[in-house]
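What follows is one structure encoded as C-alpha coordinates, with my remarks underneath.
The values are calculated or read from the model by the stated rules, or taken from the named source; none is laboratory data. Worth saying up front: this structure is predicted, and the values here are computed from it rather than measured. When we count neighbours, we look across all protein chains shown, and the Cβ atoms used for this are built from the backbone with ideal geometry, even at glycine. For accessibility, only protein heavy atoms count, side chains too; no ligands or nucleic acids. Shrake-Rupley method; radii C 1.70, N 1.55, O 1.52, S 1.80 Å.
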Amino acid sequence: MASSLILELFLWLTVSLYCLASILYIFYASFQKQTLLLAARYLTVAGFLLHLVAVALRWQYAGHGPYRTMHEILVCDSAVIVIIFWAITVRRDYLQVLGALVMPLALLLMGWGMLASREAMYISPSLRTPWLIIHVTFAKLVLGCVIVVVGFSLSFLLRNNVIGRTLHLEKIMAPVSDVKHLCFQLIQAAFIFATLMIISGAIWANDAWGRYWGWDMIEIWALITWALLGFILHLRLYTQITERTLTFLILLALVSTGMAYFLIPLTTETIHSIYFK
Amino acid sequence: MDRRPAARYAGVFGGIFFLDKVTVSFHENGQLKEFLCTITRYNDPNSSTTFSSNKPLDFGGGKLHLVSRMHGDAVRFQAVYPDGQIAQGNVIFSKDNDSQNFVVPRTAERVWARLIPEPAGVLELSRGVMVRQLKPGDRFWIGDIQLVFLEQVPWVGMIISRDPGRKYVYAGFILITLGLVTYYVLNWVQEKH
(Lines give C-alpha, C1' and ligand atoms only; values in the text may rest on other atoms or scores of the structure.)
Protein backbone atom coordinates (compact mmCIF):
# COMPACT_ATOMS: atom_id res chain seq x y z
CA MET A 1 0.00 0.00 0.00
CA ALA A 2 2.77 2.39 1.05
CA SER A 3 4.84 1.46 -2.00
CA SER A 4 1.93 2.14 -4.34
CA LEU A 5 1.42 5.55 -2.70
CA ILE A 6 5.10 6.37 -3.20
CA LEU A 7 4.79 5.22 -6.80
CA GLU A 8 1.77 7.50 -7.31
CA LEU A 9 3.71 10.38 -5.78
CA PHE A 10 6.63 9.87 -8.17
CA LEU A 11 4.28 9.58 -11.14
CA TRP A 12 2.43 12.79 -10.31
CA LEU A 13 5.66 14.66 -9.61
CA THR A 14 6.91 13.54 -13.03
CA VAL A 15 3.70 14.70 -14.70
CA SER A 16 3.91 18.06 -12.90
CA LEU A 17 7.55 18.64 -13.88
CA TYR A 18 6.95 17.63 -17.51
CA CYS A 19 3.93 19.93 -17.57
CA LEU A 20 5.99 22.85 -16.22
CA ALA A 21 8.85 22.04 -18.61
CA SER A 22 6.44 22.02 -21.57
CA ILE A 23 5.03 25.41 -20.53
CA LEU A 24 8.53 26.86 -20.14
CA TYR A 25 9.65 25.52 -23.54
CA ILE A 26 6.58 27.17 -25.11
CA PHE A 27 7.32 30.43 -23.24
CA TYR A 28 10.91 30.22 -24.47
CA ALA A 29 9.64 29.89 -28.05
CA SER A 30 7.44 32.95 -27.45
CA PHE A 31 9.72 35.26 -25.40
CA GLN A 32 13.13 33.81 -26.32
CA LYS A 33 14.68 34.33 -22.88
CA GLN A 34 17.61 32.02 -22.09
CA THR A 35 16.58 31.69 -18.43
CA LEU A 36 13.28 30.11 -19.52
CA LEU A 37 15.15 27.55 -21.62
CA LEU A 38 17.55 26.77 -18.79
CA ALA A 39 14.66 26.25 -16.35
CA ALA A 40 12.84 24.04 -18.88
CA ARG A 41 15.97 21.89 -19.34
CA TYR A 42 16.51 21.48 -15.60
CA LEU A 43 12.85 20.60 -15.07
CA THR A 44 13.01 18.04 -17.89
CA VAL A 45 16.07 16.38 -16.37
CA ALA A 46 14.55 16.40 -12.85
CA GLY A 47 11.26 15.02 -14.23
CA PHE A 48 13.10 12.32 -16.13
CA LEU A 49 15.01 11.18 -13.02
CA LEU A 50 11.74 10.93 -11.09
CA HIS A 51 10.25 9.16 -14.09
CA LEU A 52 13.01 6.55 -13.99
CA VAL A 53 12.38 5.98 -10.28
CA ALA A 54 8.63 5.60 -10.99
CA VAL A 55 9.32 3.02 -13.75
CA ALA A 56 11.70 1.12 -11.41
CA LEU A 57 9.16 1.17 -8.55
CA ARG A 58 6.43 -0.10 -10.86
CA TRP A 59 8.81 -2.82 -12.08
CA GLN A 60 9.38 -3.90 -8.47
CA TYR A 61 5.65 -3.66 -7.65
CA ALA A 62 4.48 -5.65 -10.69
CA GLY A 63 7.40 -8.10 -10.63
CA HIS A 64 8.20 -7.62 -14.31
CA GLY A 65 9.20 -4.96 -16.81
CA PRO A 66 6.97 -2.28 -18.33
CA TYR A 67 5.32 -4.41 -21.01
CA ARG A 68 2.21 -5.98 -19.56
CA THR A 69 -0.46 -3.32 -19.01
CA MET A 70 -1.35 -0.13 -20.86
CA HIS A 71 -0.31 1.97 -17.84
CA GLU A 72 3.17 0.44 -17.68
CA ILE A 73 3.65 0.59 -21.44
CA LEU A 74 2.62 4.23 -21.86
CA VAL A 75 4.50 5.52 -18.82
CA CYS A 76 7.69 3.80 -20.03
CA ASP A 77 7.15 4.93 -23.64
CA SER A 78 6.98 8.56 -22.57
CA ALA A 79 10.30 8.08 -20.70
CA VAL A 80 11.81 6.72 -23.93
CA ILE A 81 10.62 9.84 -25.81
CA VAL A 82 12.19 12.15 -23.23
CA ILE A 83 15.54 10.30 -23.21
CA ILE A 84 15.72 10.26 -27.03
CA PHE A 85 14.94 13.98 -27.17
CA TRP A 86 17.46 14.71 -24.42
CA ALA A 87 20.17 12.58 -26.07
CA ILE A 88 19.73 14.40 -29.39
CA THR A 89 19.57 17.93 -28.03
CA VAL A 90 22.01 17.79 -25.10
CA ARG A 91 24.92 19.01 -27.23
CA ARG A 92 22.83 20.96 -29.73
CA ASP A 93 21.56 24.15 -28.08
CA TYR A 94 19.94 25.34 -31.31
CA LEU A 95 17.53 22.38 -31.16
CA GLN A 96 16.39 22.94 -27.58
CA VAL A 97 13.38 25.00 -28.64
CA LEU A 98 11.92 21.85 -30.22
CA GLY A 99 11.14 20.80 -26.65
CA ALA A 100 8.08 23.03 -27.07
CA LEU A 101 6.78 20.40 -29.53
CA VAL A 102 8.28 17.15 -28.18
CA MET A 103 7.66 17.57 -24.43
CA PRO A 104 3.88 18.08 -24.82
CA LEU A 105 3.77 14.85 -26.88
CA ALA A 106 5.61 12.97 -24.10
CA LEU A 107 3.27 14.55 -21.56
CA LEU A 108 0.24 13.49 -23.61
CA LEU A 109 1.41 9.86 -23.62
CA MET A 110 2.20 10.04 -19.91
CA GLY A 111 -1.26 11.50 -19.24
CA TRP A 112 -2.90 8.67 -21.16
CA GLY A 113 -0.86 6.20 -19.11
CA MET A 114 -2.01 7.90 -15.90
CA LEU A 115 -5.65 7.39 -16.94
CA ALA A 116 -5.15 3.64 -17.56
CA SER A 117 -5.81 1.03 -14.87
CA ARG A 118 -2.99 0.57 -12.34
CA GLU A 119 -3.85 -3.09 -11.78
CA ALA A 120 -0.76 -5.26 -12.04
CA MET A 121 -0.93 -8.34 -14.24
CA TYR A 122 1.13 -11.49 -14.12
CA ILE A 123 3.37 -12.62 -16.92
CA SER A 124 1.62 -15.54 -18.59
CA PRO A 125 3.65 -18.62 -19.64
CA SER A 126 3.55 -17.57 -23.29
CA LEU A 127 5.32 -14.30 -22.43
CA ARG A 128 8.09 -15.90 -20.37
CA THR A 129 10.88 -15.60 -22.90
CA PRO A 130 13.86 -13.26 -23.34
CA TRP A 131 12.50 -12.47 -26.81
CA LEU A 132 9.70 -10.48 -25.16
CA ILE A 133 12.22 -8.03 -23.66
CA ILE A 134 14.16 -7.73 -26.94
CA HIS A 135 11.00 -7.33 -29.05
CA VAL A 136 9.40 -4.79 -26.71
CA THR A 137 12.61 -2.77 -26.27
CA PHE A 138 12.91 -2.26 -30.03
CA ALA A 139 9.19 -1.50 -30.26
CA LYS A 140 9.56 1.22 -27.64
CA LEU A 141 12.57 2.69 -29.46
CA VAL A 142 10.60 2.80 -32.73
CA LEU A 143 7.72 4.63 -31.04
CA GLY A 144 10.12 7.01 -29.28
CA CYS A 145 11.94 7.89 -32.51
CA VAL A 146 8.67 8.35 -34.43
CA ILE A 147 7.17 10.68 -31.81
CA VAL A 148 10.35 12.76 -31.48
CA VAL A 149 10.60 13.08 -35.28
CA VAL A 150 6.93 14.15 -35.37
CA GLY A 151 7.78 16.94 -32.93
CA PHE A 152 10.77 17.98 -35.05
CA SER A 153 8.85 17.90 -38.32
CA LEU A 154 5.99 19.98 -36.92
CA SER A 155 8.54 22.78 -36.55
CA PHE A 156 8.61 23.03 -40.38
CA LEU A 157 4.94 23.91 -40.39
CA LEU A 158 5.20 26.20 -37.38
CA ARG A 159 8.08 28.35 -38.58
CA ASN A 160 6.41 29.11 -41.91
CA ASN A 161 3.00 30.10 -40.61
CA VAL A 162 1.74 33.29 -39.03
CA ILE A 163 2.69 32.19 -35.48
CA GLY A 164 6.27 31.45 -36.48
CA ARG A 165 6.65 34.74 -38.32
CA THR A 166 5.10 36.77 -35.49
CA LEU A 167 7.34 35.15 -32.87
CA HIS A 168 10.43 35.32 -35.13
CA LEU A 169 11.07 31.64 -34.47
CA GLU A 170 13.78 31.54 -37.11
CA LYS A 171 16.01 33.44 -34.64
CA ILE A 172 16.10 30.60 -32.12
CA MET A 173 15.33 27.61 -34.31
CA ALA A 174 17.97 25.53 -36.03
CA PRO A 175 18.28 25.99 -39.81
CA VAL A 176 15.68 24.01 -41.78
CA SER A 177 18.38 21.87 -43.43
CA ASP A 178 19.77 20.82 -40.02
CA VAL A 179 16.37 19.83 -38.64
CA LYS A 180 15.56 18.01 -41.88
CA HIS A 181 18.86 16.12 -41.70
CA LEU A 182 18.12 15.20 -38.10
CA CYS A 183 14.63 14.01 -39.08
CA PHE A 184 16.15 11.62 -41.64
CA GLN A 185 18.66 10.36 -39.07
CA LEU A 186 15.82 9.65 -36.64
CA ILE A 187 13.85 7.90 -39.38
CA GLN A 188 16.95 5.80 -40.14
CA ALA A 189 17.20 4.84 -36.47
CA ALA A 190 13.47 4.05 -36.33
CA PHE A 191 13.82 1.93 -39.48
CA ILE A 192 16.67 -0.12 -38.02
CA PHE A 193 14.81 -0.55 -34.72
CA ALA A 194 11.63 -1.55 -36.61
CA THR A 195 13.63 -4.14 -38.57
CA LEU A 196 15.04 -5.58 -35.35
CA MET A 197 11.61 -5.48 -33.71
CA ILE A 198 10.09 -7.45 -36.59
CA ILE A 199 13.00 -9.93 -36.69
CA SER A 200 12.92 -10.57 -32.93
CA GLY A 201 9.13 -10.93 -33.08
CA ALA A 202 9.45 -13.41 -35.96
CA ILE A 203 11.99 -15.55 -34.09
CA TRP A 204 9.73 -15.56 -31.02
CA ALA A 205 6.65 -16.37 -33.14
CA ASN A 206 8.48 -19.32 -34.67
CA ASP A 207 9.18 -20.72 -31.21
CA ALA A 208 5.69 -20.02 -29.86
CA TRP A 209 3.46 -20.71 -32.85
CA GLY A 210 5.64 -22.55 -35.34
CA ARG A 211 5.65 -19.80 -37.96
CA TYR A 212 7.59 -16.60 -38.47
CA TRP A 213 4.72 -14.50 -39.74
CA GLY A 214 0.96 -14.83 -39.29
CA TRP A 215 -0.57 -11.79 -41.04
CA ASP A 216 -2.03 -10.74 -37.73
CA MET A 217 -3.46 -7.17 -37.81
CA ILE A 218 -0.73 -5.85 -35.52
CA GLU A 219 1.95 -7.54 -37.60
CA ILE A 220 0.48 -6.02 -40.76
CA TRP A 221 0.51 -2.49 -39.31
CA ALA A 222 4.05 -2.98 -38.01
CA LEU A 223 5.02 -4.02 -41.55
CA ILE A 224 3.25 -0.95 -43.00
CA THR A 225 5.17 1.29 -40.57
CA TRP A 226 8.45 -0.40 -41.54
CA ALA A 227 7.66 -0.04 -45.26
CA LEU A 228 6.67 3.61 -44.81
CA LEU A 229 9.89 4.43 -42.96
CA GLY A 230 11.84 2.64 -45.69
CA PHE A 231 9.87 4.54 -48.35
CA ILE A 232 10.77 7.91 -46.79
CA LEU A 233 14.46 6.94 -46.70
CA HIS A 234 14.43 5.78 -50.32
CA LEU A 235 12.56 8.89 -51.43
CA ARG A 236 15.39 10.96 -49.99
CA LEU A 237 17.88 9.10 -52.20
CA TYR A 238 16.07 9.83 -55.44
CA THR A 239 14.19 13.12 -55.00
CA GLN A 240 14.30 16.37 -53.11
CA ILE A 241 11.57 16.11 -50.50
CA THR A 242 10.05 19.39 -49.40
CA GLU A 243 9.61 20.03 -45.67
CA ARG A 244 5.85 19.92 -46.07
CA THR A 245 5.93 16.51 -47.82
CA LEU A 246 8.35 15.17 -45.22
CA THR A 247 6.05 16.31 -42.40
CA PHE A 248 3.08 14.67 -44.14
CA LEU A 249 4.97 11.37 -44.53
CA ILE A 250 6.16 11.47 -40.91
CA LEU A 251 2.59 12.06 -39.74
CA LEU A 252 1.53 9.04 -41.84
CA ALA A 253 4.23 7.00 -40.06
CA LEU A 254 2.81 8.22 -36.74
CA VAL A 255 -0.69 7.09 -37.77
CA SER A 256 0.49 3.62 -38.80
CA THR A 257 2.57 3.30 -35.61
CA GLY A 258 -0.48 4.35 -33.59
CA MET A 259 -2.56 1.73 -35.40
CA ALA A 260 -0.05 -1.03 -34.59
CA TYR A 261 0.61 -0.01 -31.00
CA PHE A 262 -2.71 1.29 -29.72
CA LEU A 263 -5.75 1.29 -31.98
CA ILE A 264 -5.65 -2.34 -33.15
CA PRO A 265 -4.75 -3.87 -29.73
CA LEU A 266 -7.47 -1.80 -28.04
CA THR A 267 -10.25 -2.43 -30.56
CA THR A 268 -9.58 -5.82 -32.12
CA GLU A 269 -9.03 -9.32 -30.79
CA THR A 270 -5.79 -10.39 -32.38
CA ILE A 271 -3.32 -13.09 -31.44
CA HIS A 272 -1.12 -10.31 -30.01
CA SER A 273 -3.77 -8.53 -27.96
CA ILE A 274 -5.15 -11.81 -26.56
CA TYR A 275 -1.81 -12.38 -24.88
CA PHE A 276 -2.13 -9.05 -23.07
CA LYS A 277 -5.59 -9.82 -21.69
CA MET B 1 -6.50 -24.77 -9.08
CA ASP B 2 -4.19 -27.49 -10.27
CA ARG B 3 -5.52 -30.18 -12.54
CA ARG B 4 -3.39 -33.20 -13.18
CA PRO B 5 -5.51 -35.65 -15.10
CA ALA B 6 -3.87 -38.48 -16.95
CA ALA B 7 -5.24 -39.03 -20.42
CA ARG B 8 -4.07 -40.48 -23.67
CA TYR B 9 -4.44 -38.99 -27.10
CA ALA B 10 -2.89 -40.07 -30.34
CA GLY B 11 -1.57 -37.67 -32.94
CA VAL B 12 0.22 -38.29 -36.19
CA PHE B 13 2.98 -36.40 -37.93
CA GLY B 14 6.20 -38.29 -38.11
CA GLY B 15 5.09 -40.33 -35.15
CA ILE B 16 2.39 -41.02 -32.60
CA PHE B 17 2.46 -39.77 -29.05
CA PHE B 18 0.40 -40.07 -25.94
CA LEU B 19 -0.66 -36.95 -24.08
CA ASP B 20 0.08 -38.14 -20.55
CA LYS B 21 -0.48 -35.10 -18.43
CA VAL B 22 -1.53 -31.49 -18.71
CA THR B 23 -0.67 -29.21 -15.81
CA VAL B 24 -2.63 -26.00 -15.75
CA SER B 25 -2.73 -23.65 -12.80
CA PHE B 26 -4.11 -20.15 -12.41
CA HIS B 27 -3.32 -17.09 -10.32
CA GLU B 28 -5.97 -15.82 -7.91
CA ASN B 29 -7.15 -13.28 -10.54
CA GLY B 30 -7.76 -16.03 -13.11
CA GLN B 31 -4.60 -15.46 -15.15
CA LEU B 32 -2.70 -18.47 -16.38
CA LYS B 33 0.21 -19.29 -14.04
CA GLU B 34 1.61 -22.57 -15.23
CA PHE B 35 0.97 -24.54 -18.38
CA LEU B 36 2.92 -27.72 -18.98
CA CYS B 37 2.33 -30.76 -21.06
CA THR B 38 3.87 -34.23 -20.80
CA ILE B 39 3.91 -36.57 -23.75
CA THR B 40 5.33 -40.01 -24.42
CA ARG B 41 6.32 -41.31 -27.81
CA TYR B 42 4.23 -44.30 -28.85
CA ASN B 43 7.16 -46.60 -29.62
CA ASP B 44 9.28 -45.55 -26.65
CA PRO B 45 7.54 -45.78 -23.26
CA ASN B 46 10.59 -44.28 -21.50
CA SER B 47 10.54 -41.11 -23.60
CA SER B 48 8.26 -39.10 -21.32
CA THR B 49 9.00 -35.39 -21.91
CA THR B 50 7.49 -32.28 -20.38
CA PHE B 51 7.42 -29.07 -22.37
CA SER B 52 5.82 -25.64 -22.26
CA SER B 53 4.89 -22.84 -24.62
CA ASN B 54 7.82 -20.95 -26.18
CA LYS B 55 9.93 -24.08 -25.74
CA PRO B 56 8.98 -26.35 -28.64
CA LEU B 57 9.83 -30.03 -28.48
CA ASP B 58 11.79 -31.74 -31.25
CA PHE B 59 9.49 -34.43 -32.52
CA GLY B 60 9.41 -36.65 -35.59
CA GLY B 61 11.67 -34.42 -37.66
CA GLY B 62 9.65 -31.35 -36.72
CA LYS B 63 8.74 -29.37 -33.67
CA LEU B 64 5.77 -29.63 -31.37
CA HIS B 65 4.52 -26.30 -30.03
CA LEU B 66 2.16 -25.87 -27.11
CA VAL B 67 -0.35 -23.05 -27.61
CA SER B 68 -1.05 -21.66 -24.17
CA ARG B 69 -4.33 -19.93 -24.95
CA MET B 70 -5.82 -23.22 -26.17
CA HIS B 71 -6.66 -25.65 -23.42
CA GLY B 72 -9.59 -26.98 -21.45
CA ASP B 73 -11.63 -30.11 -20.98
CA ALA B 74 -13.25 -32.25 -23.61
CA VAL B 75 -16.01 -34.81 -23.34
CA ARG B 76 -15.80 -38.00 -25.36
CA PHE B 77 -19.13 -39.56 -26.21
CA GLN B 78 -20.47 -42.43 -28.27
CA ALA B 79 -23.67 -42.39 -30.34
CA VAL B 80 -25.35 -45.77 -30.72
CA TYR B 81 -27.89 -45.90 -33.58
CA PRO B 82 -30.94 -48.21 -33.88
CA ASP B 83 -29.22 -50.20 -36.66
CA GLY B 84 -26.39 -51.07 -34.24
CA GLN B 85 -23.84 -48.71 -35.75
CA ILE B 86 -21.67 -46.70 -33.42
CA ALA B 87 -20.03 -43.29 -33.91
CA GLN B 88 -17.73 -41.43 -31.57
CA GLY B 89 -17.44 -37.71 -31.07
CA ASN B 90 -15.90 -35.04 -28.86
CA VAL B 91 -17.25 -31.81 -27.44
CA ILE B 92 -14.59 -29.38 -26.31
CA PHE B 93 -14.95 -26.80 -23.57
CA SER B 94 -12.61 -24.03 -22.50
CA LYS B 95 -12.20 -21.90 -19.39
CA ASP B 96 -14.29 -19.12 -20.93
CA ASN B 97 -16.82 -21.39 -22.57
CA ASP B 98 -18.28 -24.16 -20.43
CA SER B 99 -21.29 -24.85 -22.66
CA GLN B 100 -21.55 -25.96 -26.28
CA ASN B 101 -24.22 -26.68 -28.83
CA PHE B 102 -23.23 -29.81 -30.75
CA VAL B 103 -24.72 -31.93 -33.53
CA VAL B 104 -25.11 -35.68 -32.99
CA PRO B 105 -23.07 -37.43 -35.72
CA ARG B 106 -25.03 -38.68 -38.78
CA THR B 107 -28.12 -36.72 -37.70
CA ALA B 108 -29.35 -33.13 -37.63
CA GLU B 109 -30.12 -33.41 -33.92
CA ARG B 110 -28.71 -30.59 -31.83
CA VAL B 111 -27.92 -31.05 -28.16
CA TRP B 112 -26.87 -28.42 -25.66
CA ALA B 113 -24.03 -29.58 -23.42
CA ARG B 114 -22.66 -27.93 -20.30
CA LEU B 115 -19.71 -29.15 -18.30
CA ILE B 116 -20.31 -28.59 -14.61
CA PRO B 117 -16.96 -27.74 -13.04
CA GLU B 118 -17.77 -28.96 -9.51
CA PRO B 119 -17.97 -31.87 -8.99
CA ALA B 120 -15.71 -32.72 -11.92
CA GLY B 121 -16.97 -35.20 -14.47
CA VAL B 122 -20.63 -34.14 -14.55
CA LEU B 123 -22.06 -33.32 -17.95
CA GLU B 124 -25.45 -31.69 -18.32
CA LEU B 125 -27.18 -32.43 -21.62
CA SER B 126 -30.37 -30.71 -22.65
CA ARG B 127 -32.56 -30.93 -25.71
CA GLY B 128 -35.85 -29.06 -25.63
CA VAL B 129 -37.40 -29.72 -22.23
CA MET B 130 -35.18 -32.74 -21.55
CA VAL B 131 -32.37 -31.96 -19.15
CA ARG B 132 -30.18 -34.56 -17.55
CA GLN B 133 -26.95 -34.63 -15.62
CA LEU B 134 -24.67 -37.49 -16.59
CA LYS B 135 -21.63 -39.12 -15.07
CA PRO B 136 -19.18 -41.14 -17.17
CA GLY B 137 -20.97 -44.27 -18.45
CA ASP B 138 -24.47 -42.70 -18.26
CA ARG B 139 -26.76 -42.61 -21.31
CA PHE B 140 -28.96 -39.91 -22.83
CA TRP B 141 -31.70 -40.89 -25.27
CA ILE B 142 -32.66 -38.83 -28.30
CA GLY B 143 -35.51 -40.81 -29.84
CA ASP B 144 -33.95 -44.14 -30.82
CA ILE B 145 -30.37 -42.90 -30.57
CA GLN B 146 -28.49 -43.22 -27.35
CA LEU B 147 -25.58 -40.98 -26.40
CA VAL B 148 -23.09 -42.52 -24.01
CA PHE B 149 -20.90 -40.17 -21.96
CA LEU B 150 -17.56 -42.01 -22.16
CA GLU B 151 -15.08 -39.81 -20.29
CA GLN B 152 -13.88 -36.31 -19.56
CA VAL B 153 -10.34 -35.64 -20.76
CA PRO B 154 -8.11 -32.58 -20.97
CA TRP B 155 -7.32 -31.06 -24.34
CA VAL B 156 -4.57 -28.75 -25.44
CA GLY B 157 -3.85 -26.90 -28.66
CA MET B 158 -0.66 -28.02 -30.32
CA ILE B 159 1.03 -26.96 -33.52
CA ILE B 160 3.41 -29.23 -35.36
CA SER B 161 5.87 -27.44 -37.60
CA ARG B 162 8.66 -28.38 -39.93
CA ASP B 163 11.24 -25.73 -40.62
CA PRO B 164 14.00 -27.10 -42.88
CA GLY B 165 14.99 -23.59 -44.00
CA ARG B 166 15.55 -22.28 -40.48
CA LYS B 167 19.29 -21.64 -40.93
CA TYR B 168 18.66 -19.70 -44.16
CA VAL B 169 16.00 -17.57 -42.47
CA TYR B 170 18.38 -16.78 -39.61
CA ALA B 171 21.17 -16.03 -42.09
CA GLY B 172 18.75 -13.62 -43.80
CA PHE B 173 17.96 -11.93 -40.48
CA ILE B 174 21.66 -11.47 -39.73
CA LEU B 175 22.43 -10.19 -43.25
CA ILE B 176 19.58 -7.64 -43.28
CA THR B 177 20.62 -6.31 -39.87
CA LEU B 178 24.31 -6.13 -40.75
CA GLY B 179 23.52 -4.60 -44.14
CA LEU B 180 21.37 -1.86 -42.67
CA VAL B 181 23.74 -1.00 -39.84
CA THR B 182 26.80 -1.03 -42.13
CA TYR B 183 25.08 1.18 -44.71
CA TYR B 184 24.06 3.79 -42.18
CA VAL B 185 27.35 3.70 -40.26
CA LEU B 186 29.27 4.21 -43.52
CA ASN B 187 26.97 7.11 -44.40
CA TRP B 188 27.54 8.64 -41.01
CA VAL B 189 31.34 8.29 -41.30
CA GLN B 190 31.24 9.88 -44.77
CA GLU B 191 29.21 12.81 -43.43
CA LYS B 192 31.65 13.29 -40.55
CA HIS B 193 34.55 13.63 -43.00
Query raised in the report: What is the residue count in the stretch B:26-69 for residues that are assigned to a strand (DSSP E or B), more than 10 Å from chain A (Cβ to nearest Cβ) and either over 27 Å from residue A:202 (Cβ atoms) or without any contact (Cβ under 8 Å) to a residue 40 or more places away in the chain (or both)?
Result: 9
**Report entry** Flag for residue A:89 being under 19 Å from residue A:59 (Cα atoms) and among the β-branched types (Val, Ile, Thr)
**Finding:** no
Report summary line: Considering residues that are of a type in the set (S, T, N, Q) and within 20 Å of residue A:115 (Cβ to Cβ), the number found within the stretch A:15-39 is 2
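To keep it simple, each residue is scored yes or no on (1) under 18 Å from residue A:151 (Cβ atoms); (2) modelled with pLDDT under 95; (3) surrounded by 22 or more Cβ atoms within 10 Å (Cβ to Cβ).
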| residue | (1), (2), (3) |
| --- | --- |
| A:38 | no, yes, no |
| A:44 | yes, no, yes |
| A:51 | yes, no, yes |
| A:54 | no, no, yes |
| A:60 | no, yes, no |
| A:72 | no, yes, yes |
Report summary line: Within the stretch A:128-182, restricting to residues that are within 14 Å of chain B (Cβ to nearest Cβ) and farther than 24 Å from residue A:197 by Cβ, the one that is surrounded by the fewest Cβ atoms within 10 Å (Cβ to Cβ) is A:177
Requested in this report: Quickly run through the stretch A:193-208 and pick out the residues that are crowded, with 20+ Cβ neighbours inside 10 Å, more than 17 Å from residue A:260 (Cβ to Cβ) and either at pLDDT 90 or above or of a type in the set (Phe, Trp, Tyr) (or both).
Outcome: A:206
Query raised in the report: Tell me, which residue of the stretch B:146-166 that is out of contact with any Lys or Arg (no Cβ under 8 Å at 6 or more places or on another chain) and within 19 Å of residue A:198 (Cβ to Cβ) is farthest from the other protein chains (Cβ to nearest Cβ)?
Result: B:165
Query - Members of the stretch A:234-277 that are open to solvent by 40 Å² or more (accessible area, probe 1.4 Å), at pLDDT below 90 and within 20 Å of the chain's Cα centre (by Cα) - result: A:266
Requested in this report: Please state which one of A:226, A:215 is over 20 Å from residue A:188 (Cα atoms) and open to solvent by 60 Å² or more (accessible area, probe 1.4 Å).
Outcome: A:215
Report task. Can you confirm whether the stretch B:24-31 contains a residue that is surrounded by fewer than 16 Cβ atoms within 10 Å (Cβ to Cβ) and in contact with a Ser or Thr (Cβ under 8 Å, 6 or more places away or on another chain)? Result -> yes
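Residue-wise test of (1) more than 19 Å from residue A:155 (Cβ to Cβ); (2) in a helix (DSSP H, G or I); (3) under 15 Å from the mean Cα position of the chain (by Cα).
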site	(1), (2), (3)
A:35	yes, yes, no
A:41	no, yes, no
A:72	yes, yes, yes
A:91	no, no, no
A:97	no, yes, no
**Report entry** Condition check for residue A:125: within 12 Å of chain B (Cβ to nearest Cβ), surrounded by 17 or more Cβ atoms within 10 Å (Cβ to Cβ) and without any contact (Cβ under 8 Å) to a residue 40 or more places away in the chain
**Finding:** yes
Requested in this report: Having 1 or more residues that are closer than 16 Å to residue B:98 by Cα and open to solvent by 80 Å² or more (accessible area, probe 1.4 Å) is the bar; report the strands (runs of 3 or more DSSP E) wholly within the stretch B:114-193 that clear it.
Outcome: B:130-134
Report summary line: Subset of the stretch A:157-182, residues closer than 15 Å to residue A:94 by Cα, out of contact with any Lys or Arg (no Cβ under 7 Å at 6 or more places or on another chain) and not polar (S, T, N, Q), comes to A:159, A:168, A:171, A:172, A:174, A:175, A:176, A:178, A:179, A:180, A:181, A:182
Query raised in the report: When the stretch B:32-67 is examined, which residues are found to be aromatic (Phe, Trp, Tyr) and open to solvent by 20 Å² or more (accessible area, probe 1.4 Å)?
Result: B:42
Query raised in the report: Considering the stretch B:76-113 alone, what residues qualify as being more than 24 Å from residue B:144 (Cβ to Cβ) and open to solvent by 70 Å² or more (accessible area, probe 1.4 Å)?
Result: B:92, B:95, B:96
